[in-house]
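The values are calculated or read from the model by the stated rules, or taken from the named source; none is laboratory data. For clarity, every value in this text was computed on a predicted model and none was experimentally measured. Virtual Cβ from ideal backbone geometry, glycine too; neighbours counted across all protein chains shown. Ligands, DNA and RNA are excluded from the accessible area calculation, which covers all protein heavy atoms including side chains. Shrake-Rupley method; radii C 1.70, N 1.55, O 1.52, S 1.80 Å.
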Amino acid sequence: MSVMLRLLLAHMIGDFVAQPRVLVSMKRKGWRGIIIHSAIVTAFTTALAWGQFLHWWAWILLLGLSHAFIEHFRTFYVKDETRGGLYHFLLDQAAHLGVIVFIAAVSVHWRPAELVSLFNGTASVESRLIVYLIALILLVWSVPVLEAEMVATLIGCNEDIVGGRSVRIRPVDRLLGALERLAAVSLVLAGCLYLAPISLLLRSYVQRGQWHDQPARNCLITKMATSFLVAIVTGLVLRAVPLSAPFQAIRQA
């Protein structure tokens, strides 16, 4: 379980935290950006998976090359179509996840059934902490991209799409969205799911000017709905992943 989660955490860091918009634009222009981005992902994967399983260096090399291939395919073969950005984004992430699952399954015989250990308290503390780190990256760095792709694809609002395919995340959207989602998840973890809608008030107030314009209002509603839904699902998942093992599990260990 730990290897699978380490590979996934490395991907989340390399693909979102360590990928500024300037690098996204470079990827869209050709191989230079793709190589730099893939090297960054490979470096984080190496740091987190060093010596964790047999022939780890060969598997990491395979992961790095496959990451470059997927980025190459999206850059050179996917049409420059803003309204399809959401589907391209989801397929891109699904392809990367598929490679990670394949490597974990072959290298350490990981199976999806092992995910149950996260919820019954038998998984290691390290694994559970990694899950929380992955969730943090998802809430702060990944969802803003999803928001922009959602409004561009579903309602045709392209204000956050630059050059046809590159997503520009406005600082105010990233900050307000992150605070919104972290507040909602905190309320869910505290057992106050019914209070979670309160988290929407800050962005609603700060960006209240957008409510007076129909297209801007549609964009804001779509972003907030996406943000809130992801936050609630994430909170419910984390609530089922105990950070401390049950007393019985500790005694058995």
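Structure notes:
- Single residue of G64, G121 found to be more than 30 Å from D173 (Cα to Cα), among the small types (G, A, S) and in contact with a Pro (Cβ under 9 Å, 6 or more places away or on another chain): G121
- Of the residues making up region 91-114, those that are open to solvent by 70 Å² or more (accessible area, probe 1.4 Å), in a helix (DSSP H, G or I) and closer than 16 Å to R6 by Cβ are L97, F102.
- Any hit, region 153-161, residues being modelled with pLDDT of 90 or more, part of a helix (DSSP H, G or I) and not hydrophobic (A, V, I, L, M, F, W, C): no
- Residue list for region 21-49, filter: of a type in the set (V, I, T) and at pLDDT below 90: V22, V24
- Output for region 115-152, where each listed residue is farther than 30 Å from C219 by Cα, open to solvent by less than 80 Å² (accessible area, probe 1.4 Å) and assigned to a helix (DSSP H, G or I): L115, S117, L118, V125, E126, S127, R128, I130, V131
- Number of positions in region 13-34 that are of a type in the set (A, V, I, L, M) and touching an Asp or Glu at 6+ places or on another chain (Cβ under 9 Å): 1
- Cβ separations smaller than 8 Å between residues 6+ apart or across chains give the following pairs from region 50-63 residues that are modelled with pLDDT of 90 or more to residues that are assigned to a loop (DSSP other than H, G, I, E, B) and open to solvent by less than 80 Å² (accessible area, probe 1.4 Å): W59/F53.
- Restricted to helices (runs of 4 or more DSSP H) entirely inside region 184-253, those with at least 3 residues that are among the polar types (S, T, N, Q) and at pLDDT below 95 are 214-239.
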